[in-house]
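Asks: If you scroll down you'll find the structure; I have some questions about it.
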Amino acid sequence: MPQLERGLGLKEAVALNMIEIVGIGPFVVSSLVIKAMGGPQALIAWLAGALLATLDGFVWSELGAAMPRAGGTYVFLREAYGPGRWGRLMSFLFVWQTFVQAPLSVASASIGFARYAGYLRPLSTIEAKAISGGLVILLVILLYRRIQTIGKISVLLWVGVVGTMLWLIWGGIRHFDAKLAFDFPPNAFHFSSLWFAGLGAAMVNTVYSYWGYYNICHLGGEIREPQKNIPRGIFLSILGITVLYLAMQTSLLGVVPWREAQNSPFIASLFVEKLYGTGAAHFVTWMVLWIALASVFSLLLGYSRVPYSAALDGNFFPIFAKVHPTKHFPHVSLLILGSLAFLFSIVLKLETAIAGILAMRLLVQFIGQTFGLLLLHRRWSADKFPFRMWFYPIPAVLTIAGWAWLFWQTGAARKWGLLEIALGVTAFLIWSAVMHHWPFGPAEPEAAVASNTAP
C-alpha cells in the first residue's frame, strides 16, 4: 500500500504554518477588533491572542514531537485518553468535528476572499458565492499533487504573504502619525466588566487570526526530523506572525483614524489608498487575495490528513485511508473535505462561520488535548517527550483557562458546539455498535495501537 513521504523540512514547515495563520483573517477582522475594543487599545487583543497562542504552542510542541504522525490531534487524543477505550471516543469526536469545522474554516477564508474582492468591483450575492466556491475548487486542484511539490508551492505563497505585510508595515512607518495611532478615547483602560467583554469579543477574532501555528502537527508523518522541526516550526511561526501583526496593526492605526477604520471592511486597501492612491490600493487588494488563497491552501492540506489517519486505525470509514498510487497523498479525504467546504462557502456568512469554528473546536481539540497532555505526563516517562515545555504544567493550565474563557465569549454559538459534541457521541455509539467496538465489544489492546504511532 502506498505510504506518505517525509518530504517537508523546517523551511517548508514554517512556510505552511505562516501562510495558514495569516490568511484573510487580519484583513477582514481588524475593523471588528477595533470596534469591539473602541479604539487603538485594540492592540491589546492582538497581543493577548499571541500570548494564548504561545502558551498553547508548548502543548502542541510536546505532543507533535512525541507523536509525529498524520492526523495531529486525532493521534494525540487517541493516545492520551487510552487508544482502546476513551481515546477512541475523543479521537472520533475530533474526526467528527473535522467534517464540520475544517470545511467551515476553509469556507470562512473563501467567503472572506470574495468579500474582499468586492473592493475591486461591487459583487452581487451570486457573484460573491461563485468566487468563494470557485476558490475552493482551485485549491483542490493545486493540492492534488505530491508533497514535495506542495512544499515548493507553499514557499512561493509564503513569499507573497510576508512581502505584502512588510510593504504595509513599511508604508505605515514612513507615514506614521503617533497622535493618530494612539488617539485613545476616554476610559480606554478602565478595566470594568464591560471592558473585558469587549476584549473577549475582540479576541474571538484575533485568536481566529492566529490559529494555524499547529498545522504541521497534522502533517507530522511528512515532516523530516519531526522531533526538532515541529517545535521549531511552531514557535518560529508564532513569533514571526506576532511581530508582523502588531507592526501591521500599529501601522494601519497610524494612517487611518480608528473611528474610520472600525467601519471599513477593506482596511488594508483603504490604508494604501490614503498613502499611494487607487492604483496601489487595487494592487494590495490582489495581494490580500493572494494571502487568502495561501491560507486555504495550507488549511485544506493539513486537515485532509485527519480522516486518513482515523481510517488507518479502523476508527473511520476505510475509504479515507486510500493514498493516491503515484502522488502518495490521501486523495479521497482531500476531495470529500473540499466538497463540503465548497458547499459551506456558498451557503454561509463570514461572521457565522468564525463563531461556529471557535465554539466547535475549543472543547474537544484545544481543551481536550491539553488535558490529555497532563494525563500523558502521569503515564509516560520523560524520555518519551523529545520536547518539554518550560515551567510545566503552568503553560498547560493557563492554556485551559484561556480556552475555557474564550469558549464562553463565543456567546450564542456555544450551543452549536455543545450540540455537535452530543451528535458526535451519538454517532460514535452507533458506529461502535455496528463495528462491535468498545463499549459494545472488547477494548483494543493499547500496545497494538500505540505501535502505530511510534516515531
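Asks: Where does each of 282-289, 301-308 land if you order them by average Cβ count within 10 Å, highest first?
Replies: 301-308, 282-289
Asks: I would also like to ask the following. Taking +1 at the Cβ of each Lys and Arg and -1 at the Cβ of each Asp and Glu, which of L63, A247, F266 sits farthest along the dipole of the chain towards its positive end, judged by Cα position relative to the Cα centre?
Replies: It is L63, whose Cα lies furthest towards the positive end.
Asks: Suppose R0 equals 45 Å; then what is the FRET efficiency for L156 and L180 from their Cβ-Cβ distance, rounded to the nearest 0.05? Walk me through the numbers before you get to the answer.
Replies: Working: r = 36 Å, r/R0 = 0.79.
The value I calculate is 0.80.
Asks: I'd like to compare 208-214, 143-149: which one has the highest average count of other Cβ atoms within 10 Å, and what's the full order after that? Walk me through the intermediate numbers first.
Replies: Numbers: 208-214: 25.6, 143-149: 15.9.
Order by mean packing, descending: 208-214, 143-149.
Asks: Quick one: net charge around G71, please, counting Lys, Arg +1 and Asp, Glu -1 for every other residue with C-beta under 12 Å from its C-beta. Walk me through the numbers before you get to the answer.
Replies: Numbers: positive: R69, R78, R305; negative: E79, E222, D313.
That works out to 0.
Asks: Continuing with this model, one more query. So, R0 is 35 Å and r is the distance between the beta-carbons of H190 and W167; what FRET efficiency does that work out to, to 0.05?
Replies: Details: r = 36 Å, r/R0 = 1.03.
Once rounded, the FRET efficiency stands at 0.45.
Asks: So what is the relative contact order of segment 1-145, in percent, for Cα pairs below 8 Å that sit 6 or more residues apart?
Replies: Numbers: 56 pairs, mean separation 24.9, N = 145.
Normalised by residue count, the contact order of segment 1-145 is 17 percent.
Asks: Which one of A53, P257, M203 has its Cα pushed farthest toward the positive end of the charge dipole of the chain, where Lys and Arg give +1 and Asp and Glu give -1 at the Cβ?
Replies: It is A53, whose Cα lies furthest towards the positive end.
Asks: What is the Cα coordinate range of segment 1-127 on the first, second and third principal axes, sorted by size from largest, in whole angstrom?
Replies: Cα extents, longest axis first: 52, 37, 33 Å.
Asks: Starting from the Cα of K274, draw a straight line to each of the lysines and keep only those under 25 Å, dropping any in the same chain fewer than 8 residues away.
Replies: K35, K179
Asks: Over segment 112-266, what relative contact order in percent results from Cα pairs under 8 Å that are six or more residues apart? Don't skip to the end; give the middle numbers.
Replies: Numbers: 71 pairs, mean separation 58.2, N = 155.
Relative contact order, segment 112-266: 38 percent.
Asks: Of P442, I291, V22, which is farthest towards the positive pole of the chain's charge dipole, taken about the Cα centre with +1 and -1 on the beta-carbons of Lys, Arg and Asp, Glu respectively?
Replies: The one lying farthest along the dipole's positive direction is P442.
Asks: Taking all protein chains as present, what is the carbon and sulfur share of the accessible area of segment 189-229, in % to the nearest whole number, probe 1.4 Å? Please list the in-between numbers first.
Replies: Values: 920 of 1400 Å².
It is 66 percent, rounded to a whole number.
Asks: OK, next. When ligands, DNA and RNA are left out and all protein chains stay put, how many square angstrom of accessible area per residue does segment 75-120 have with a 1.4 Å probe?
Replies: On the way: 940 Å² over 46 residues.
About 20 Å² of surface per residue is accessible.
Asks: Taking the chain on its own, what percent of its Cα-Cα pair distances exceed 29 Å? Before the final figure, lay out each step's value.
Replies: Values: 46288 of 103285 pairs.
Pairs farther apart than 29 Å: 45 percent.
Asks: Can you give the FRET efficiency for R85 and L419, using 1/(1 + (r/R0)^6), R0 = 30 Å, r = Cβ-Cβ distance, to the nearest 0.05?
Replies: 0.75
Asks: A follow-up question, please. In Å and on Cα atoms, what radius of gyration and Dmax does segment 268-339 show?
Replies: Rg then Dmax for segment 268-339, in Å: 19.2, 58.
Asks: Right, next: Hey, rough spin-label estimate for F391 and E5, points 7 angstrom out along Cα→Cβ, what's it come to in nanometres?
Replies: Going from the F391 label point to the E5 one covers 4.3 nm.
Asks: Also, I was wondering about something else. Compute the relative contact order of the chain as a whole-number percentage, counting only Cα pairs closer than 8 Å that sit 6 or more residues apart in sequence. Intermediate results must be reported in sequence, preceding the final value.
Replies: Values: 792 pairs, mean separation 161.3, N = 455.
Computed value for the chain: 35 percent relative contact order.
Asks: Taking all protein chains in place and a 1.4 Å probe, what share, in percent, of the accessible surface of segment 242-338 do carbon and sulfur account for? Display every interim value, and only then the final one.
Replies: Details: 2120 of 3060 Å².
The nonpolar share, carbon plus sulfur, comes to 69 percent.
Asks: Per residue, how much accessible area does segment 181-326 have with a 1.4 Å probe, in Å²? All intermediate terms of the calculation are to be shown ahead of the outcome.
Replies: On the way: 5070 Å² over 146 residues.
About 35 Å² of surface per residue is accessible.
Asks: Moving on. Taking the Cα centre of segment 75-157 as the origin, how large is its charge dipole in debye, to the nearest 20, when only Lys and Arg (+1) and Asp and Glu (-1) carry charge on their Cβ atoms? Numbers along the way, then the final one.
Replies: Values: 9 positive and 2 negative charges, 34 e Å.
Charge dipole of segment 75-157: 160 debye, to the nearest 20.
Asks: Once amide H atoms are built 1.01 Å from N in the peptide plane, which residues 5 or more positions from G72, or in another chain, come under 5 Å H to H?
Replies: The list, which skips near neighbours in sequence, is G220.
Asks: Here is a further query. If you place +1 on the Cβ of every Lys and Arg and -1 on the Cβ of every Asp and Glu, how big does the dipole about the Cα centre of the chain come out, in debye to the nearest 20? All intermediate terms of the calculation are to be shown ahead of the outcome.
Replies: Values: 31 positive and 19 negative charges, 64 e Å.
Computed about the Cα centre, the dipole is about 300 debye.
Asks: Taking a 19 Å limit on the Cα-Cα distance, which of the listed pairs K11/K152; K152/K228; K11/K384; K152/K327; K228/K384 fall beyond it?
Replies: Flagged as over cut-off: K152/K228; K11/K384.
Asks: Around H324, with a cut-off of 15 angstrom between Cβ atoms, what is the net charge of the other residues, counting Lys and Arg +1 and Asp and Glu -1?
Replies: Details: positive: R145, R146, R305, K322, K327; negative: E5, E222.
It works out to a net charge of +3.
Asks: On the accessible surface of segment 37-148, probed at 1.4 Å, how many percent belong to carbon and sulfur atoms? Don't jump to the answer; show the numbers that get you there.
Replies: On the way: 2240 of 3100 Å².
Accessible surface attributable to carbon and sulfur in segment 37-148 totals 72 percent.
Asks: If you don't mind, another one. Using the Cβ atoms and a cut-off under 11 Å, what net charge is assigned to the surroundings of R305, where Lys and Arg are +1 and Asp and Glu are -1? Intermediate values should be presented prior to the final figure.
Replies: Working: positive: R69; negative: E222.
Value of the local net charge: 0.
Asks: Per DSSP H run of at least 4 residues, take -39500 (n - 2.57); add these up for the chain, divide by its residues and hand me the 222 nm value, nearest 500 deg cm²/dmol. Can you show the working numbers first?
Replies: Values: 21 runs with 322 residues, N = 455.
Taken over the chain, the calculation gives -23500 deg cm²/dmol.
The values are calculated or read from the model by the stated rules, or taken from the named source; none is laboratory data. Not measured: the values here are computed from a predicted model. Cβ coordinates were reconstructed from backbone atoms using ideal geometry, including for glycine residues, and neighbour counts include every protein chain displayed. Only protein heavy atoms, including side chains, enter the accessible area calculation; ligands, DNA and RNA are left aside. Shrake-Rupley method; radii C 1.70, N 1.55, O 1.52, S 1.80 Å.
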